[in-house]
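One structure is given here, and the rest of the page talks about it.
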Amino acid sequence: MRFGTTILKRAEVLGRLTQDEGRLTRAFLTPQHRQAGDLILGWMRDAGMEAAYDALGNVVGRYAGGAPDAPYVLTGSHMDSVVDAGKYDGIFGILTAIACVDDLNKRGKRLPFAVEVIAFADEEGVRFGASMTGSKAIAGKFDPQMLDIRDAGGMSMRQALSGFGGDPEKIDSLRIDPRQIKVFVESHIEQGPVLLNAGLPVGVVTSIVGSTRVQVRVTGLAGHAGTVPMDARQDALTAASEMVLAVERHCAASAGELVGTVGKLAIPGGGATNVIPGCVEFTVDLRSSSDARRAQAMAALKSQCEAIAVRRRVTLAWDQIAQLDAALSDPAEQERLAASIAAHGIEVKRLPSGAGHDAMQFHGVAPLIMLFVRCGNGGISHNPLETMTAEDADVATSVLLHYIEHMQ
């Protein structure tokens with residue numbers, strides 16, 4: 001097998017670099033980030049690239065082309081993980097790109113353009129809550145205010161970055177010149193069952209959904225569970241529960257245009273068995289490939305929740321905490337990637353991505369395209385049960401290499 005076995009072996013090695021015993025967790029600017037980055041740096045150099053850490057802790061490798069000033073291909077993915085992660089999310093996109101360059105190098109082949117591979121330092125945002133930090137810096141979308149965000153231990157991103165050996169003052173210099181980028185291409189495990197159900201190893205991503213996240217706080221009146229009559233209660237939890245179901249109901253009726261998730265729901269202080277909850281907090285994550293449809297839905301949901309609050313005599317605080325616009329894949333690059341898949345005798349499957357990716361930061365900066373590779377085990381991802389076969393890793397890498405080599 002040309003690529004797959006090595007890729008999976010390297011993913012296993014990286015999967016052991018974790019800050020949580022017994023489960024894979026690798027956050028931004030941790031010792032495990034450094035360990036993973038050092039390994040990736042070494043593999044890049046072994047593949048014939050010049051490689052180094054940049055000011056934000058991304059690892060960047062460059063395989064020079066025949067024309068030094070020609071626009072170059074940018075590829076890669078992220079090396080951080082969620083808590084209790086799978087081994088291939090993000091990492092596959094780095095390892096497959098390195099494998100492509102290694103193959104070119106072993107054949108002594110230089111393309112008319114350079115190939116730059118980036119292992120983005122922070123896509124998941126686990127430590128500081130700001131996602132896609134690494135790719136935002138490269139795409140010129142980094143907000144310097146993010147440097148003042150603090151982690152759970154009270155350390156700011158600025159302090160952590162300086163301690164890591166990065167340079168907060170040089171982040172703006174990482175911005176790429178859009179005129180110098182031919183395309184940004186990211187390979188990624190699908191994180192869903194579409195390719196698995198279709199019996200196909202790879203597919204072309206047509207779009208990456210946009211998302212809006214809000215933090216909701218419902219305030220009622222705490223009271224004794226035994227002495228307050230049911231019709232006199234201002235129960236924050238029952239009100240919040242009705243709001244949660246409103247999110248589900250609204251998105252379920254959208255004919256597949258929306259997905260909505262309440263991922264956190266809590267009673268501050270933990271609550272008590274014999275106390276009517278006086279305050280409840282929850283989050284809403286709303287996603288759609290249409291920014292207009294998502295905005296319309298979020299406004300409708302807020303209105304519904306406000307009506308529930310009035311009827312149940314509670315107050316509502318509704319604060320947007322994050323927003324990412326949808327990103328469409330470049331039509332011409334979709335066709336080129338589809339041609340590379342077809343050249344391998346594989347039926348071309350086109351599908352949207354319901355998850356966010358570093359690639360979306362390059363929307364409006366450079367042509368972008370994504371290649372999905374089949375996720376096994378029912379399509380489970382962000383989970384230790386996430387699986388990929390060496391055969392699929394091999395096919396996906398061969399397709400990516402064909403796509404890069406046949407680029408004009």
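The values are calculated or read from the model by the stated rules, or taken from the named source; none is laboratory data. Remember, predicted model here, so these are calculated numbers, not experimental data. Methodologically, a virtual Cβ is constructed for each residue, glycine included, from the backbone with ideal geometry; neighbour enumeration extends over all protein chains shown.
Miscellaneous remarks
Every residue, every condition in (1) touching a Cys at 6+ places or on another chain (Cβ under 9 Å); (2) on the phi < 0 side of the Ramachandran plot; (3) surrounded by fewer than 16 Cβ atoms within 10 Å (Cβ to Cβ); (4) not assigned by TED's automatic domain parsing to the domain that holds S290, yes or no:
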| site | (1), (2), (3), (4) |
| --- | --- |
| R312 | no, yes, no, no |
| A317 | no, yes, yes, no |
| P331 | no, yes, yes, yes |
| L337 | no, yes, no, yes |
| I341 | no, yes, no, yes |
| H344 | no, yes, yes, yes |
| E347 | no, yes, yes, yes |
| G354 | no, yes, no, yes |
| H357 | no, yes, no, yes |
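- Of the strands (runs of 3 or more DSSP E) entirely within the range 167-285, those holding at least 3 residues that are closer than 30 Å to V59 by Cα and not polar (S, T, N, Q) occupy 181-189, 202-208.
- Qualifying residue in the range 32-50 (condition: in contact (Cβ under 8 Å) with a residue 60 or more places away in the chain and in contact with a Ser or Thr (Cβ under 9 Å, 6 or more places away or on another chain)): no
- Scan of the range 173-218 for residues that are in the same structural domain as A297 (by TED's automatic domain parsing), buried (at least 19 other Cβ atoms within 10 Å of the Cβ) and either more than 20 Å from the chain's Cα centre (by Cα) or on the phi > 0 side of the Ramachandran plot (or both), ordered by number: V216, V218
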